[in-house]
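The values are calculated or read from the model by the stated rules, or taken from the named source; none is laboratory data. Just so we're clear, the structure is a prediction, and the values are computed from it rather than from any experiment. Here the Cβ positions follow ideal geometry from the backbone for every residue, glycine too, while neighbour counts run over all protein chains shown.
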Amino acid sequence: MIEMNGFPFRLGTTSYIIPADILSNVRYLAGKVRDVELVLFDVDDGMNNLPSPDEIEQLLMIASQTDLTYTVHLPLDLRLAEGDSIDKARRVIDCTRRLDPWAYVLHLDGKSVRHGASSGELRHWLEQAVRSLKIVGEYAGGVEKLAVENLEGYPLDFYEPVLKQIAVSRTVDVGHLWLDGYDAIGYLNDALPRTRVIHIHGIDGRDHRSLTNVPREKLQAVLSQLIRTGHRGVLTIEVFSEEDFLTSSAAIQEALKGVQHDS
């Protein structure tokens with residue numbers, strides 16, 4: 001476990017670290033991290049991994065015993081900006097509401113308008129996105145519980161029009177910024193006041209790899225900024241294997257030593 005005493009943020013990872021179900025992963029991770037991102041899929045008319053009421057009770061018990069919180073990643077196939085998937089989002093929120101998640105992380109799809117859309121198409125997309133977020137925010141207990149994530153392959157300012165119209169929170173995915181070659185520190189500096197969750201992961205041909213693939217100075221720069229600003233959100237190591245989690249945890253531990261030494 002990484003010793004986090006003295007650091008304001010909550011270090012977490014995903015519910016797909018060992019090859020087992022969500023509850024088994026949370027049991028494995030309890031005491032190793034302070035937050036678990038529940039990665040949920042809810043396929044229409046098919047299988048899903050939504051926790052049962054009994055599993056929710058067990059997740060609550062683990063959280064109370066180990067100072068653990070949960071973030072919930074809403075299904076990746078939501079199309080809220082197209083007016084679709086609202087019922088699917090509600091189903092996931094209804095299932096997990098008792099966990100009082102730190103945030104509901106969501107992707108706001110904009111593939112149809114991110115490149116070359118007309119002003120009318122952009123306006124329609126924006127209006128529908130804001131309308132859907134308001135509805136889903138009511139289910140979640142407030143729009144601030146929704147944390148819109150920046151996605152790879154999108155302009156840096158793509159979601160700014162949405163953020164200006166509705167008080168949703170943000171998920172800053174540092175790995176996506178690194179993948180696209182953007183300045184993660186500058187982006188974080190602007191986004192942190194509204195950020196509830198930060199995702200971090202390495203790049204090795206693709207994203208969501210071990211943080212051992214990140215130069216130590218780049219990792220230290222992110223951690224230093226979070227400590228300097230007193231960020232009290234969740235920092236999620238967004239990887240999906242035990243090896244990547246353990247090596248990423250070790251990389252953060254080493255980087256934190258350097259941050260402490262510099263301070």
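In contact with a Pro (Cβ under 6 Å, 6 or more places away or on another chain) and not basic (K, R), is that true of L151? So that I can check it myself, show each step before the final result.
Details: in contact with a Pro (Cβ under 6 Å, 6 or more places away or on another chain): no; not basic (K, R): yes.
No, not satisfied.
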In the stretch 25-44, the residues that are touching a Phe, Trp or Tyr at 6+ places or on another chain (Cβ under 6 Å) and either β-branched (V, I, T) or at pLDDT below 95 (or both): V36, V39
Matching residues in the stretch 52-74 - criterion: being surrounded by 19 or more Cβ atoms within 10 Å (Cβ to Cβ) and either over 20 Å from the mean Cα position of the chain (by Cα) or closer than 18 Å to Y139 by Cα (or both): Y70, T71, V72, H73, L74
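Please find, among D87, D157, D94, D109, the residue that is in contact with a helix residue (DSSP H, G or I) (Cβ under 8 Å, 6 or more places away or on another chain) and either free of Cβ contacts under 8 Å to residues at least 24 places away in the same chain or surrounded by 18 or more Cβ atoms within 10 Å (Cβ to Cβ) (or both).
That would be D109, the only listed residue that is in contact with a helix residue (DSSP H, G or I) (Cβ under 8 Å, 6 or more places away or on another chain) and either free of Cβ contacts under 8 Å to residues at least 24 places away in the same chain or surrounded by 18 or more Cβ atoms within 10 Å (Cβ to Cβ) (or both).
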Residue that is touching a Gly at 6+ places or on another chain (Cβ under 9 Å) and modelled with pLDDT of 95 or more, where the choices are I22, I18, I93: I93
The stretch 147-157, residues that are among the aliphatic types (A, V, I, L, M) and farther than 15 Å from L76 by Cβ: L156
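This table checks each residue for (1) assigned to a loop (DSSP other than H, G, I, E, B); (2) surrounded by fewer than 16 Cβ atoms within 10 Å (Cβ to Cβ).
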site: G175; (1), (2): no, no
site: D190; (1), (2): no, yes
site: H199; (1), (2): no, no
site: V222; (1), (2): no, no
site: L226; (1), (2): no, no
site: V239; (1), (2): yes, no
site: E243; (1), (2): no, yes
site: S248; (1), (2): no, no
Number of the condition not met by N49 [criteria: (1) surrounded by fewer than 20 Cβ atoms within 10 Å (Cβ to Cβ); (2) in contact with a Phe, Trp or Tyr (Cβ under 9 Å, 6 or more places away or on another chain); (3) under 23 Å from V172 (Cα atoms)]: (3)
